[in-house]
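Take a look at the structure set out below.
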Amino acid sequence: MSPPDLGAAPVLVIGAGIMGAGIAQIAAQAGHRVQLFDTRAGAAQQATAKLAATFEGLVAKGKLAVATAQEVLARVEPVATLEPGSEARLVVEAIVEDLDAKRALLRQLEAVVAADAVLATNTSSISVTALASGLAQPGRVVGMHFFNPVPLMKLVEVVSGLHTSPDVAAAIFELSRAWGKTPVHTASTPGFIVNRIARPYYAETWTLLQERAASVPVIDACLRGAGFRMGPCELMDLVGHDTNFAVTQSVYQANFGDKRYQPSLLQRERVEGGLLGRKSGRGFYDYRDGAAPVTVAEIETPALAASAARVVHGRGAVAEHWAQALIQVGIGCDRDTGSDWTGLAVDGAQLRLTDGRPAALLSAETGVGDLAVYDLPIAPTFGAALAYSPSATTAPAWAGQAAAWLRLAGFAPQCIGDAPGLIVARTLAMLINEAADAVQQGVCSAEAADTAMKLGANYPAGPFEWLARWDACAVVALLDRLDAHYRGERYRASPGLQQRAWRRRFDTHSEGA
């Protein structure tokens, strides 16, 4: 088919639920004539009435002129059958997330709309290739994945299946821009970009909970401390455990049981028990009237003991922060910038930045009994919750001193079990690894991955932006140690990430030559 011109094309939106109504709204606001259809009698009319109420509210707040609201509403026409949509040049379906139902609808549409009309699907996880298979013109089928709420969320994933015409994908990309969105191209693979790369944000939390290494409030606090708007437990409660579990199952099954996406038995139990989150009143947290808010207890730290020798080890932002923190309070220290670890040594005791090894293993390998590891401080500010874990051989006095030194450095220390990679480091490493794999496999570009995760998942940074602040060699090393600890395939380092680490090592050797 020839490149479609969708600039002023009539639009047919099928499905008058939250997503379909939102798509109809932004299309009408962009100047398109929109027909809205739903198989449930009266649903399209109800959605149009809700849209009118939304605009009335915007007018009342002074955010929209009366005339503009009337013009937009006049462009939206609820229809009782598909036949009036025969003039549409763009169809966007937003019906139930079911392969058979969507394929049946697309076949029906072939007999209704013109041969040059674009058929876009708002699916969040179903293969666009599978949806287009068997159609007379599969090249005009493309994914146009919006995020909820459609009028507010900027991201649109433009999904190309094996049959999708590049001209069609390009036209939808430009149309999304015209609708005020930020589009990204992605291949039709399980989860596309956002739902694929986001899986470790939840999976690492379930692992920590299953191992009883950290509590729900502490996990949430530490990841909020890394810049996330919501911790993973808060977010799953908001999304709904039934929805989150279903997406995880879908991605896991679509990847033929790849261990990286394995669902959690703990989440299945919550779903079976009806603890779905906000929608049911209880999830990780209690949302019922009168329920007491859950807060993270601030641990008490002892006064710093007098010490004869203080050495800041390592190079980079974290080591510099340690040195500056000590200088600001008038505590002198030596520097060892050639050390293979980052942190603070005090009279032989060590406080180390996690490299993926548990504290107990580090004690066994180094012979240092008084040793604790602390999590990766990745946020722009260093004053938030930060996990740490003393080795089993650590004397109680040094366990307290480790927390006191972390507090002196501006952190809010939270003691957790001796879990490899603690909380933030292992989670970010897995998010980076998943993004590197997606790019290496041609799913999307690195720029698209960063954009998608910031706009579609509200992440504070993209995975490749985190990688630039961290170090590819350190990320691969941490993943390798997680892989050795768990003895499975889940933590295998992506070939794409390994290539970046090798390049980093080469550059380092070249600089030192």
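Each value in this text was obtained by applying a stated rule to the coordinates, not by laboratory testing. What you are looking at is a predicted structure, and each value in this text was computed from that prediction instead of being measured. Every residue, glycine among them, receives a Cβ derived from its backbone with ideal geometry; neighbour counts consider all protein chains shown.
When shorter helices are ignored and each DSSP H run of at least 4 residues is given -39500 (n - 2.57), the per-residue value for the chain at 222 nm works out to -13500 deg cm²/dmol. Using the Cβ-Cβ distance between Phe256 and Arg229 with R0 set to 22 Å, the FRET efficiency from 1/(1 + (r/R0)^6) comes to roughly 0.10.
Taking the DSSP beta bridges in the range 11-188 as the whole, what percent of them are antiparallel, to the nearest 5? Around 15 percent of the beta bridges assigned by DSSP in the range 11-188 are antiparallel ones. For the range 132-164, backbone nitrogen atoms closer than 18 Å to the point 7 Å from Thr182 Cα along Cα-to-C-beta are found at 145-159.
Can you give the alpha-carbon Rg of the range 162-291 over 2.2 N^0.38 Å, where N counts its residues?
Dividing the Cα radius of gyration by 2.2 N^0.38 Å gives 1.26.
Rounded to the nearest 5, the antiparallel percentage of DSSP beta bridges internal to the chain is 30%.
Multiplying the residue separation of Asp100 and Glu56 by 0.36 nm and removing their Cα-Cα distance gives an extension gain of 12.0 nm. Of all DSSP-defined beta bridges confined to the range 224-367, some 75% are antiparallel rather than parallel.
Taking the Cβ of Ala385 as the center, what net charge do the other residues with Cβ under 11 Å away carry, scoring Lys and Arg +1 and Asp and Glu -1? Neighbourhood net charge equals -2.
Each residue, Asp471 and Ala291, gets one label point 7 Å from its Cα in the Cβ direction; the gap between the two is 4.3 nm. For the peptides 98-108, 254-264, the ranking by packing is 254-264, 98-108, with the highest mean count of neighbouring Cβ atoms within 10 Å listed first. Restriction of the GluC sites (Glu not before Pro) in the range 257-306 to DSSP coil positions whose beta-carbon has at most 12 other beta-carbons within 10 angstrom yields Glu298, Glu300. Highest mean packing first, where packing is the average number of other Cβ atoms within 10 Å per residue, the peptides 360-366, 205-211 line up as 205-211, 360-366. Counted by Cβ distance under 14 Å from Ala449, the other residues give a net charge of -2, where Lys and Arg count +1 and Asp and Glu count -1.
Placing unit charges on each Cβ (+1 for Lys and Arg, -1 for Asp and Glu) gives the chain a dipole about its Cα centre, and among Ser215, Leu304, Ala404 the Cα reaching farthest toward its positive end belongs to Ser215. Note on the range 126-169 and the range 14-75: Cα centroid distance 23 Å, given to the nearest whole angstrom.
By the beta-carbon count within 10 Å of each Cβ, the least crowded to most crowded order of Asp450, Asp334, fewest first, is Asp334, Asp450. Extending 7 Å from the Cα toward the beta-carbon at both Trp502 and Ala114 defines two label points whose distance is 5.2 nm.
Need the full-extension length gain, Ala397 to Gln324, defined as separation in residues times 0.36 nm minus the C-alpha distance. One decimal, nm. Provide the component values of the computation, followed by the final result.
Numbers: separation 73, 0.36 × 73 = 26.28 nm, distance 2.48 nm.
Computed gain between Ala397 and Gln324 is 23.8 nm.
For the peptides 186-198, 66-78, 149-161, residues were scored by their other Cβ atoms within 10 Å and the scores averaged per peptide; the highest-first order is 186-198, 149-161, 66-78.
The Cα center of the range 384-455 and the Cα center of the range 175-220 differ in position by 16 Å.
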